[in-house]
Amino acid sequence: MSSVSVVIPCYKYGHYLEDCVRSVLDEQPGVDVRVLIIDDASPDDSAEAARKLAAQDDRIEVRVHERNRGHIATYNEGLLEWADGDYCALLSADDRLVPGALTRAAALLDAHPEAGFCYGRPIHFQHGRPLPAARTGTGGQVVYPGHWWLERRFREGTGCITSPEVVVRTSLQRRIGGYDPELPHAGDIEMWMRLAAHADVGYVSGADQAYYRVHGQNMSTTDFGGQLDDLRQRLVAYESALAKCGDRLPDADRLGEIVHRRLARHALRRAYRAYDRGRTDAVPVDELVDFARACTPDAEALPEFRALRLRRRIGTTAMPYLQPLVLSAVYERGREWLWWQSWKRRGL
């Protein structure tokens, strides 16, 4: 029977702990699971809630920080100092696992020693509402070559993983090290890329793996200024992964160019959408453009920059009303281009 060490960092989330821990210990048949709850000096009764759970189940261990060390140090304490199972997982106290998630993940990693970690589909749910129904079958197993999966991430420039759905081979986690304290908001993206640079990547298909709770206290930032910070953090994360793993990636320079261009396009898209939505007063358009130019020298040749230039000519007042016409014109030009290319291929 495979063993899984689950680290549950907690800061002021004591009221979620019981549901989180029960999803780990009571709903994962066929695996030997242990839990470490690390309370990062919560000012409320979170530590008391953790100790109460530990008193009821000897598979639970609790550590309480006397002073707040921050989430990165807390993650690394659990994953690098405590976890000793075959596999390890990091689960925020406000999230929970889907029944059988660790069973499916362990089965995949048992069957594919070349896979360094695996993940699956998370379900996002709104705090205060009932849990959505989850797929809980045995699931399928897909393993992607690590470098192929890594290039996909560089081409998309986004993180495809939320976090609670990930299970990592503990030996690999120790080999590559922990989360980077220089990346407080994008350390997870960099972590997945580092793992993929060293091993293949597993995916549990056909079943859901975790519940991610959406509420006002989530660490992810969705305000307009935060979107620029998000892009900056992502850029640093990708550059950090290349710096740390470049010797394992013969095409590191090409990957760097790809992701710089992709992030520039993301920034310009956010800039021109501010005109579509009448939010140029709230969105840092100029800063987004500066970011895009810093990412790639040909930023002004990108189609997103041309879209932004058009919207600037139309103006902030009229653009929200004219958006359907502009999008229709762009769509028609695209159809004409595709039609012309099809005729060229026929040699007509």
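Any read-out appearing in this document is the output of simple, stated calculations on the displayed coordinates, not a laboratory observation. Computed from a predicted model, the values in this text were never measured in an experiment. Here Cβ is always computed from backbone atoms with ideal geometry, including for glycine, and neighbour counts include all displayed protein chains.
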Restricted to the chain, the DSSP antiparallel beta bridge percent, nearest 5, is 30
Quickly work out the ARG129-to-GLU300 label distance, labels modelled 7 Å from Cα along the C-beta direction, and quote it in nm with one decimal.
4.5
Nitroxide proxy distance, nm - points 7 Å out along Cα→Cβ at TRP148 and SER171
2.4
Can you compute the FRET efficiency between HIS198 and ASP251 using 1/(1 + (r/R0)^6), with r the Cβ-Cβ distance and R0 = 22 Å? Round to the nearest 0.05.
0.85
With charges set only on the Cβ (+1 for Lys and Arg, -1 for Asp and Glu), what does the dipole of the chain come to about its Cα centre, in debye to the nearest 20?
1960
Starting from the Kirkwood radius over alpha-carbon pairs of the chain, derive D by Stokes-Einstein at 37 °C in a medium of 0.692 mPa s and give it in µm² s⁻¹.
148
Choice from VAL21, VAL64, VAL201 with maximal GNM fluctuation in the chain (Cα, 10 Å cutoff)
VAL64
In nm, to one decimal, how far is the ALA41 label point from the ASP110 one, both placed 7 Å along Cα→Cβ?
4.2
Only Lys, Arg (+1) and Asp, Glu (-1) charged, at Cβ; the range 255-298 dipole about Cα centre in debye:
260
Relative contact order of the range 157-279 (C-alpha contacts under 8 Å, at least 6 apart) in percent is 32
Which one, LEU268, GLN28, GLY246, projects farthest toward the positive side of the charge dipole computed for the chain from Cβ point charges (K/R +1, D/E -1)?
LEU268
